[in-house]
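Below you'll find the structure, written out as structure tokens, and then a few comments.
Bear in mind these aren't lab numbers, they're just calculated from the coordinates by the rules spelled out. Computed from a predicted model, the values in this text were never measured in an experiment. Every residue, glycine as well, gets a Cβ built from its backbone with ideal geometry; the counts of neighbours run over all protein chains shown.
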Ligand code: FAD
Ligand code: 2HG
Ligand code: ZN
């Protein structure tokens with residue numbers, strides 16, 4: 001394993017794959033969907049950050065629910081552990097094996113099943129790539145209620161399993177609101193049909209919510225039914241500079257009031273994040289080059305009345321400039337400029353990857369306190385590493401990233417447990433949107449009471465008694481019997 005998994009022991013109750021297992025899987029899936037090739041496995045064993053590495057010898061690529069059901073039923077009876085995998089863009093080590101778990105990747109389950117232009121409900125298979133869904137809907141005059149930098153690779157099943165937030169949550173809310181139905185295969189192979197397409201349905205417990213954000217620990221999502229908003233004609237983007245964090249906060253307060261119903265994104269980045277992007281991504285230019293600012297804010301509006309929306313945004317900016325909240329700013333004049341503004345914000349994780357090793361913390365913190373943590377971390381680390389703050393300010397979600405030339409236990413010891421204790425003390429969440437995965441399974445108590453964690457473990461036990469689904473992740477190992 002990697003630097004982060006050295007203390008975990010393989011659960012001895014799990015079997016190891018043998019020749020008969022391979023024959024069985026080949027019979028169900030056909031030989032082309034039973035992957036044992038070293039190179040392919042190397043990729044599937046390694047996470048996006050190249051931080052977590054498993055040693056699985058087998059990846060399965062089911063094409064439909066029935067095949068997946070048969071696979072899981074068999075794995076459960078043989079006590080073979082599995083890791084569900086979508087686009088493998090997860091940032092908490094949840095999507096790759098820890099040891100030799102079988103990788104079940106959903107990429108071949110990528111059909112769009114139906115789209116209703118009246119209700120806006122899209123039904124599709126879990127392996128659909130987010131960007132493909134965005135493109136499909138665009139032609140119909142609709143958009144996805146979520147958007148994120150990983151859209152070119154991440155799959156809707158992975159998005160739902162992590163309850164991904166992203167860049168438009170401030171407008172359309174979380175997937176707990178927009179996902180209205182799911183089909184899920186349980187550990188024992190049973191197929192749960194919860195694939196409703198109704199906006200309202202109060203017939204008892206709404207069990208699909210258990211699977212939204214459960215990171216593959218309770219079942220494998222095979223189909224998703226999701227409410228999609230109409231594509232509106234007028235989208236505007238402003239890229240603004242603020243001299244201090246208090247101005248960013250006040251700007252958010254103002255934006256919620258003055259832009260109200262057309263506000264569709266409110267993102268921020270600090271000077272360190274901006275420097276990284278400018279330095280590591282060739283195609284990026286600074287839209288506000290005349291000076292260096294401490295903070296940048298990206299505001300997007302989406303509405304249906306071009307002249308009205310533009311007028312609103314311009315009046316908002318004028319007011320923000322006059323009151324000194326904003327020091328400089330630009331409104332995108334065309335589609336290319338709009339994309340280039342977004343590229344700065346969305347490119348930060350990639351730029352950080354190019355800069356070397358990175359420790360990522362994805363925190364919900366009350367907005368007033370949020371940037372204090374970045375500053376305290378900078379003081380703690382001195383010059384030992386570069387501390388970067390950015391994220392979804394409109395949602396109270398900070399992405400605190402610590403960038404160093406290589407992973408170093410001395411740096412890690414300065415960061416943890418400090419970052420978790422600080423967050424807990426301010427009643428924040430140690431995972432706003434990326435999940436717990438392997439990285440934070442043992443840290444859950446910083447954000448959840450022990451009674452709640454106990455109940456999670458009971459639900460896990462009920463749905464997956466042998467613990468074959470994504471072991472070592474999400475729930476502390478002490479609560480899983482082995
Ligand atoms: P994977 O990484 O393959 O898997 C993620 C988890 O879900 C794993 O635990 C896996 O076991 C489980 N899983 C996957 N598919 C299934 C399934 N069908 N059934 C059950 N379990 C499953 N996240 C955000 O929330 N907001 C962002 O703005 C954001 N931006 C990102 C930008 C970049 C550049 C990158 C690299 C990542 C970003 N992420 C973001 C994190 C990541 O993209 C999301 O968590 C994404 O939703 C994961 O989807 P995936 O298909 O890649 O899933
Ligand atoms: C984003 O908002 C993603 O860009 C990634 O959630 C954040 O890499 C990170 O820390
Ligand atoms: Zn994010």
Computed over the chain: relative contact order in percent, which uses C-alpha pairs under 8 Å that are six or more apart: 15 percent
- prompt: Along its principal axes, what span do the Cα atoms of region 112-227 show, with the longest given first and each in whole Å?
  reply: 38, 29, 26
- request: Obtain the nm distance between the two label points defined at residue 153 and residue 284 by a simple spin-label model: each point lies 7 Å from its Cα along the Cα-to-C-beta direction.
  value: 1.7 nm
message: Can you compute the FRET efficiency between residue 79 and residue 307 using 1/(1 + (r/R0)^6), with r the Cβ-Cβ distance and R0 = 51 Å? Round to the nearest 0.05.
response: 0.20
On Cα atoms only, tilt of 450-463 relative to the major axis of the chain in degrees: 50 degrees
- prompt: Using 7 Å Cα-to-Cβ label points, what is the residue 254/residue 368 separation (nm, one decimal)?
  reply: 2.0 nm
task: Determine the gain in length on full extension of the stretch residue 114-residue 479; use 0.36 nm per residue of separation and subtract their C-alpha separation, reporting nm with one decimal.
output: 127.3 nm
task: For each of 367, 160, count neighbouring Cβ atoms within 10 Å of the residue's Cβ, then give the residues from fewest to most.
output: 367, 160
statement: With label points set 7 Å from each Cα along the Cα-to-Cβ direction at residue 426 and residue 191, the distance between them in nm comes to 4.7 nm
message: Within region 355-372, list the residues whose amide N lies under 17 Å from a label point set 7 Å along Cα→Cβ of residue 176.
response: 363-366
message: Could you give the length gained by full extension between residue 418 and residue 291, i.e. 0.36 nm per residue of separation minus their alpha carbon distance, to one decimal place?
response: 42.3 nm
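Taking the radius of gyration and the Kirkwood hydrodynamic radius from Cα positions alone, what is the Rg/Rh ratio for region 234-348, to two decimal places?
Rg divided by Rh gives 0.94.
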query: Tell me, 182, 462 in order of fewest to most beta-carbon neighbours within 10 Å?
result: 462, 182
- request: Using only alpha carbon pairs under 8 Å that are at least six residues apart, calculate the relative contact order of region 265-375 and give it in whole percent.
  value: 36 percent
query: So for 138, 464, fewest C-beta neighbours within 10 Å to most, what's the order?
result: 138, 464
- prompt: What angle do you read, to the nearest 10 degrees and between 0 and 90, between the alpha-carbon axis of helix 306-322 and the longest principal axis of the chain?
  reply: 70 degrees
message: Contact order normalised by length for region 59-190, with contacts defined as Cα pairs under 8 Å and 6 or more residues apart; what percent is it?
response: 27 percent
message: Rounding to the nearest 10 and keeping the result within 0 to 90°, find how far the Cα-based axis of helix 335-346 lies from the longest principal axis of the chain.
response: 60 degrees
task: Would you give the gap between the C-alpha center of region 304-381 and the C-alpha center of region 35-99, rounded to a whole Å?
output: 36 Å
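Give the whole-number value, in cubic angstrom per residue, of the convex hull volume spanned by the C-alpha atoms of the chain.
Taking the convex hull of the Cα positions in the chain, it is 147 Å³ per residue.
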